[in-house]
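To start, the structure itself, in structure tokens.
What follows draws every value from the coordinates through simple rules; no lab data is involved. Note that the coordinates shown come from a computational prediction; the quantities given were computed from them, not determined experimentally. Cβ sites come from the backbone with ideal geometry, for glycine too, and all protein chains shown count toward neighbours.
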Amino acid sequence: MVILKKELVMNDFVKKATSFLFFDLPLHPELISASFNKAHKKLLVENPDWSTSATKQKLTYQYWSVHVLRHFLALFSLPALLFIFLQLNQTSFRQSFLIVIIVGVICYFILYVFHYRAEYFTTYLPILETVKESYDRKQLELVEKCRQAQLSNFSLALFFYVLSNINGFGQISIDDRSANLLMRLYGVDPGSMKKHLALIIRISKKTKLTDRKITEFKNRFAETYDFMESLHFVEGIKRLKELEIRFFAP
């Protein structure tokens, strides 16, 4: 059992070392995705307005400054140091050191053109862009899901109007003050809330509703009923029924 475990650890090490030497490790989609999510979450904590495009730029910099540099140094530094060590007692040490620098620049240029740059544009960048778009899409889907789960603005206005009448919160008027209060409570556009308050309060003065509008408003009343029933808000349901009768009265 112990021998088997050691073999698994050794195989894993050899696999990772091979992947590193052939520069496959930084190009794994799983690693890029994990790095993006980790970096973006951390940056969002520091700055809530941080964008996914900015995180993409951070990871692009990381590719060149960390992955590429680390890989090149790992490949070149060991033979270079060995060569310099062998030349320590030679009279041409300075010339040898200069040769190492020149060879290093040439090797990096070759790797840059034919490997690092090619892999960046054909593999790393497309994967990173895909990860970014996938993250953005999931965030939009989450927002849309939350939006669909939320009561409509008219239902929110209905609920608050009924609640304020039952608990005596004070006069709810068709003005900016009441609309701004609802905006602070629900986080919705005050102009929209003001319009819905006008429909609810000015029942006797509202224009004749079209069949389409009647159906829409009945659906909004129905979802408000469902919400109140889930709260077991008996008095609220009673007041809402009274309001509904007046609202759809000819």
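Tabulated data for the structure shown
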| quantity | calculated |
| --- | --- |
| Cα gyration tensor category, rounded, prolate or oblate, for region 153-247 with a/c compared to 1.5 | rounded |
| Between region 231-250 and region 135-198, the Cα center-to-center distance that results, in Å | 18 Å |
| Spin-label model distance (nm) - Glu144 vs Phe109, 7 Å beyond Cα toward Cβ | 5.1 nm |
| Förster-model FRET efficiency, 30 Å R0, Lys208 and Arg177, C-beta, rounded to 0.05 | 0.55 |
| In sequence order, calculated HN-Hα J values of region 232-238 (Karplus, 6.51, -1.76, 1.60; Hz; x Gly/Pro) | 6, 8, 4, 5, x, 5, 4 |
